[in-house]
Amino acid sequence: MLCAIQGASILRARKRGEDIHPAVTFGKISLTAGRFAIILAVIFCIAAVNTPPSSATPAPKKPAAVVAEKKKDDSAEKKAEAEAEAAAAAAAAKEAAEAQKKAEEEKARIDLENAKNEQGTALNVLATLAIKGRAPKTGYARTQFGSPWMDMDRNGCDTRNDILKRDLTGISTDAKSHGCKVLSGTLADPYTGTTIAFTRGRSSSSAVQIDHVVALSDAWQKGAQQLDATRRQAFANDPYNLLAVDGPANMQKSDGDAATWLPPRKDYRCAYVARQIGVKAKYTLWVTQAEHDAMERVLSSCPSERVPEDNGLNLSTVQGQGEAAQSQPQTQPAPAPEPQPQSAPAPAPQPAPAPAPQSPSQPQGGDVSYPNCAAVRAAGKAPLHAGEPGYSYKLDRDRDGVACER
């Protein structure tokens, strides 16, 4: 404002013609010419306008520690926000997983109930089996189920070789046995999932064994005691209840049921349990509560599993054959003729010499004996099974319980 007044005074003085003394001062500066003084005054005024008042205090700079603290606070805040978001996402994922699990469990429950009502499923058949306690093993013996490996289907071959021919691939047979005796082959073992090369021999035959899916001892304690001899023989020789399997696995199983033993190969357990159920239903055997629960637990993972088709023995046919054999009339000896009067009493007959004692290690085959298999075949008795009249180890060279196989 002062600059403007001073400049205006100089301009008025020049218009009136008044002289401006060269010593006139503008502020602390001496001017020698009026025009120069005006220019300087204007420059001074412009500079004054652009200069902040002397009383204004410049804003202090923020210290570095304050800035760092602010950044730290911002970072902690962002981290807390991120953690909160992550926790919320995890909680939502957990909730979704639990909801999915519940939905799957509900679906499994519905599938299980539907399978129990569907004809032919293992679960449906399982529901028809009686649940009882295990009966005593009293009286059990292998002979209660007949001689080992009989020819129940009357095809000329014993059951063991029938199963080997059914379950092995690439088999070779003994030509002298008319294709009955399996000499070698390859087994895809259902219990372990391994491949086993089978070769018949005293030290190698046991690598592949024939397993009773429902063990004989287990069957004896769960209803087989009430079966007649013919049906028990059928049970022991029914291909429906027999599988060629890994020898060590079969030995490990022993006479266990589904509550105590299952195949090591988990993806075969459904089929294994379903076959046990089918066999028990066929022979009207029962299950224990623990066995029932174990079977249902296995089948809960495969509710649509069906009992396998029964391609085994026809029990009606077998029973009829047994009854026919029992009803055949026994040949009665002709009556002794009337004794004729003798002039002198006949001498007393000499006692027959006692038979030579048999070795206790050899199975007893009755009073009949054959010198060789040719004699057995000539008599029409081949093959001979352990326990049958005439059977002996000398005729059963491979010790498989069957002598003189055709």
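In region 130-321 the Cα-Cα distances spread across 5 Å bins starting at 0 as 1, 8, 15, 19, 20, 17, 12, 6, 2, 0 percent of all pairs. For region 175-246, applying the loop criterion from DSSP together with a ceiling of 14 other beta carbons within 10 Å to the trypsin sites (Lys or Arg not before Pro) yields ARG202. For region 68-204, the relative contact order is 9 percent, taking Cα pairs closer than 8 Å that sit 6 or more residues apart in sequence and dividing their mean separation by the residue count. Couplings for region 240-249, taken from phi via the Karplus curve 6.51 cos²θ - 1.76 cosθ + 1.60 with θ = phi - 60°, read 5, 9, 10, 9, 7, 9, 4, x, x, 5 Hz in order; Gly and Pro are left as x.
Bear in mind that the values in this text are calculations on the coordinates, not laboratory data. Source: prediction; values computed, not measured. As a convention, Cβ positions derive from the backbone with ideal geometry for all residues, glycine included, and neighbour counts pool all protein chains shown.
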